[in-house]
Amino acid sequence: MEFAKVALAATLLAATTAAPTLAKNGVERVPTKIDWQAAKIAAKRSLARDPAAVEKFVAATTGKLSYIELPVLIFGSDAKMETPQFGSQNSSYAAFYALEGAQISILGSHSVLTGTEDLTEHHKATAHESIGNGADYNLNRYGAHYTIRLTCDNPIKDTRCRKPDFLQSVVQTLLVVNGANQ
């Protein structure tokens, strides 16, 4: 449990400390427009589909959701995970789930980087990306950006981190919980 809190704090710290460096290089973080109408519809469907997971998560966040400026995604009961550790700032959040031999996080943000014309892509990006000790699954919904990050204690042997099947299956369970614009 303590590892989860440290990992969550490190994730949020990394997301915020990069901003001054970006500004010096002419890169800015710009808020995106959230489609709250679509998110509200999806949140109602999520509550109807998996009320236990949504209600348990909302109760565990103790009011933090009212400050988050983007729809929050969590895993549904079908993913067979406990309620996540949760940390947030106004424009981003991290939900951290501890698994047997692995960790999985949902990182959400409602901003994009501008002024990145000089950056060069070295490969074609796909939704599922290997990151060495795990994998990322990236998606955009309702105008927000999300990364589902899986890291494994033993990525060589753990097929969840080497093959896309596991991440694709848990992404199918995602539920929407509205943030500040409920």
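Of all strands (runs of 3 or more DSSP E) completely enclosed by the stretch 102-182, which ones contain at least 1 residues that are at pLDDT 80 or above and out of contact with any helix residue (DSSP H, G or I) (no Cβ under 6 Å at 6 or more places or on another chain)?
Per the criteria, 102-109, 134-141, 144-152, 174-177.
Residues in the stretch 87-101 that are open to solvent by 20 Å² or more (accessible area, probe 1.4 Å) and part of a strand (DSSP E or B): S88, Q89, A98, L99.
Filter the stretch 35-68 down to the residues that are at pLDDT below 90 and under 18 Å from the mean Cα position of the chain (by Cα) and list them by number.
T61, K64, L65, S66, Y67, I68
Any chance you could count how many residues in the stretch 148-176 are closer than 19 Å to T32 by Cβ and open to solvent by 30 Å² or more (accessible area, probe 1.4 Å)? So the answer is 0. Look at the stretch 62-85: where a residue is farther than 21 Å from K33 by Cα and open to solvent by less than 20 Å² (accessible area, probe 1.4 Å) and a partner is at pLDDT below 90 and outside any loop (DSSP other than H, G, I, E, B), sitting 6+ places away or on another chain with Cβ atoms under 9 Å, you get P84/A4; P84/L8. Annotation: of all residues in the stretch 31-44 being assigned to a helix (DSSP H, G or I) and touching a residue at least 12 places away in the same chain (Cβ under 8 Å), the one that is least open to solvent (accessible area, probe 1.4 Å) is A39. For the stretch 73-91, a residue qualifies if it is of a type in the set (V, I, T) and either farther than 15 Å from A60 by Cα or at pLDDT 90 or above (or both), and exactly one does: I74. When P31 is tested against (1) in contact with a His (Cβ under 9 Å, 6 or more places away or on another chain); (2) at pLDDT 90 or above, only condition (2) is not met.
The values are calculated or read from the model by the stated rules, or taken from the named source; none is laboratory data. From a predicted model like this one, the values you see are computed outputs, not experimental measurements. Positions of Cβ are generated from backbone atoms using ideal geometry, with glycine treated the same way; all protein chains shown enter the neighbour counts. Side chains included, ligands, DNA and RNA excluded: accessible areas come from the protein's heavy atoms. Shrake-Rupley method; radii C 1.70, N 1.55, O 1.52, S 1.80 Å.
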